[in-house]
Structures are given as structure tokens and as C-alpha cells.
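Q: Below you'll find the structure I mean.
Here, each number is a calculation from the coordinates, and none is a lab measurement. The model shown is predicted, which means the values in this text are computed figures rather than measured ones. Reconstructed Cβ throughout: ideal geometry from the backbone, glycine too, with neighbour counts over all protein chains shown.
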Amino acid sequence: MDFAASIATAEAGGDRAPAETSSLLIRHHKTGAAHVSISLPTGGHVLHLAAATCLFNDLHTAAAQRGLRLGPVAVHADGGFDDTMTSSTGIRVTVEISGEAAADELRTLVLETFEVSTVACVLRRGTSVEIAGITARTTTPSGSP
């Protein structure tokens, strides 16, 4: 099973989302608006969306630092998990980028930004994950007095 996720620049004034997935139009701090898409709301999809969103954000930051004006950008991440769903089989990222720069300059921007993108770096290096606390409450069954 693929765990595809993506984020893309929303066209100015438009709210059309990709038809093949569940997509939300969100307010975005770097582009004004963006579409985030996942095919199912699972942890695997959200993990891949985190990788895609981080790179999307970092591309806009890096472009601004270089004085490059970007057009529409889309970052797609997908991958899978082993049979026990406890180990990733890897995450594959594809980027569609346009901007007021030569195609080679845009490709270099993507490659250099990907190398330092926070979520990708953390996933490459691994991290600890632990429960920091639990709050449990007993509820009464529905319809009970």
C-alpha cells in the first residue's frame, strides 16, 4: 500500500483541489494558500505529509534568501512500510517547481534544500519516540442515566 501525500501552491483566487485524493485548502504562511492532500488519514500518510510540507516550506525560505521568486510548487512524498507496519521501506519525494530562474538553478535549489530539510534530516538520522504522559477518563455509556 502506498502512503502518498502532497502539498502544492494554491492558485491565486482558486480553491480547486486535486480530485484523486482528500485535499484541504489551508492558509499558508509563505504562499498565502496551499492544498494538502492525503488519500487516507493514517499515521503513515501524515508522516509523509510532514516530509513533503517541510521541504515545501524550506524551498520557499531558501528561494527568498537567494532572491528567487517562485511560481507554483508541489512536493509529493510516498512510501510504504514492512508487513508489521513498524519499519518504513523508505520515503520517495518528487518536486514540481517553477520560478523566475533557469531550470538548472531551480533543480539545484531543490537538491540543496532537501539535504538540510528538517524532517528529512531527522528521519535519516532517527529519533527517540516516547509517551510523555497519559490522561485517562472513564465515561458512561451513551443512553445511560
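Q: Quick check on the chain: helices-only [θ] at 222 nm, where DSSP H runs of length 4 and up contribute -39,500 (n - 2.57) each and the sum goes over total residues. Nearest 500, please.
A: Working: 3 runs with 45 residues, N = 145.
Helix-only estimate at 222 nm: -10000 deg cm²/dmol.
Q: Report, by chain and number, residues whose modeled amide H sits under 5 Å from the one on Gly80, excluding near sequence neighbours (fewer than 5 apart, same chain).
A: Amide H neighbours of Gly80, under 5 Å, 5+ apart: Thr89, Gly90.
Q: Here is a follow-up. Among Gly79, Gly90, Gly126, whose mean-square fluctuation peaks in a Gaussian network model of the chain (Cα, cutoff 10 Å)?
A: The residue that fluctuates most here is Gly126.
Q: Sticking with the crude label model, points 7 Å out along Cα→Cβ, report the distance from Gln65 to Val129 in nm, one decimal please.
A: My value for the distance between the label points is 2.8 nm.
Q: Could you work out the per residue convex hull volume over the alpha carbons of the chain, in cubic angstrom? Display every interim value, and only then the final one.
A: On the way: hull volume 27.6 nm³, N = 145.
Convex hull of Cα atoms, per residue: 190 Å³.
Q: Let me ask something additional. For the range 56-121, report the translational diffusion coefficient in µm²/s to the nearest whole number, using Stokes-Einstein at 10 °C, 1.306 mPa s, and a Kirkwood Rh over Cα pairs.
A: In µm²/s, the coefficient rounds to 122.
Q: Also, I was wondering about something else. When all C-alpha to C-alpha distances in the range 88-145 are sorted into bins of 5 Å, what percent of pairs does each bin hold, rounded to whole numbers?
A: Going out from 0 Å in 5 Å bins, the range 88-145 shows 4, 11, 14, 13, 10, 8, 8, 6, 7, 7, 5, 4, 2, 1 percent.
Q: To continue, here is another question. Taking 0.36 nm per intervening residue step and subtracting the Cα-Cα distance, what contour gain separates Arg137 from Asp2 on full extension?
A: Using 0.36 nm per residue and subtracting the Cα-Cα distance, I get 45.0 nm.
Q: Given Cα pairs under 8 Å that are at least 6 residues apart, what percent is the relative contact order of the chain?
A: 22 percent
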